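One structure is given below, encoded as structure tokens.
The values are calculated or read from the model by the stated rules, or taken from the named source; none is laboratory data. Because the structure is a prediction, the values reported are computed rather than measured. We place every Cβ from the backbone using ideal geometry, glycine too, and count neighbours over all the protein chains shown. Note: accessible area is taken over every heavy atom of the protein model, side chains too, but ligands, DNA and RNA are not part of it. Shrake-Rupley method; radii C 1.70, N 1.55, O 1.52, S 1.80 Å.
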Amino acid sequence: MNILKPVEAQLAAYNNRDIENFVICFSEDCVCEDAEGNVLMQGRETMRQRYGAMFDASPDLHCRIVHRAVVGNFVFDEERVTGRNGIDGEGHVMAVYTVDPDAEIITRVRFYR
């Protein structure tokens, strides 16, 4: 059981803009939410479409982890994102990943901006 495995794998794929290796880190029915719990997207196919478009439009996209904490099956990553098309400067995000420890896959992510 490695809680960090899918979180680290999705970060590497994100930074390489590798959509296929990115989406396999998430469950088929993964839910992405904003800070209030509003669903931003649901399901691996929706993630493939939205993130794929962002990866294609953002050749300089890069995310670095400022701080990481693990509590149970939750991974809290404070992130700084640069190179995202349409956004100047550096974005600041707290991403909370819920990981299924048996399957080693992300089932939910909530973004705090």
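At-a-glance table
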quantity	calculated
Meets criteria (in contact with a His (Cβ under 9 Å, 6 or more places away or on another chain) and not hydrophobic (A, V, I, L, M, F, W, C)) for Asp77	yes
Qualifying residue in region 42-55 (condition: on the phi > 0 side of the Ramachandran plot and out of contact with any Phe, Trp or Tyr (no Cβ under 7 Å at 6 or more places or on another chain))	yes
Matching residues, region 69-92, being among the polar types (S, T, N, Q) and in contact with a Gly (Cβ under 8 Å, 6 or more places away or on another chain)	Thr82
Counted residues, region 11-50 - those being touching a strand residue (DSSP E or B) at 6+ places or on another chain (Cβ under 9 Å), in a helix (DSSP H, G or I), within 21 Å of Glu79 (Cα to Cα) and open to solvent by 10 Å² or more (accessible area, probe 1.4 Å)	4
Region 9-23 residues that are under 15 Å from Arg48 (Cα atoms), paired with ones that are among the charged types (D, E, K, R) (beta carbon under 7 Å, 6 or more apart)	Ile19/Arg48; Val23/Arg44; Val23/Arg48
Any hit, region 54-73, residues being touching a Cys at 6+ places or on another chain (Cβ under 8 Å) and either at pLDDT below 95 or within 22 Å of Glu36 (Cβ to Cβ) (or both)	no
Hits in region 1-10 (condition: part of a helix (DSSP H, G or I), open to solvent by less than 70 Å² (accessible area, probe 1.4 Å) and not polar (S, T, N, Q))	Leu4, Pro6, Val7, Ala9
Pair list, Cβ < 6 Å and 6+ apart or interchain, from region 35-56 residues that are in contact (Cβ under 8 Å) with a residue 24 or more places away in the chain and within 17 Å of Arg84 (Cβ to Cβ) to residues that are of a type outside the set (Phe, Trp, Tyr) and open to solvent by 40 Å² or more (accessible area, probe 1.4 Å)	Phe55/Arg17
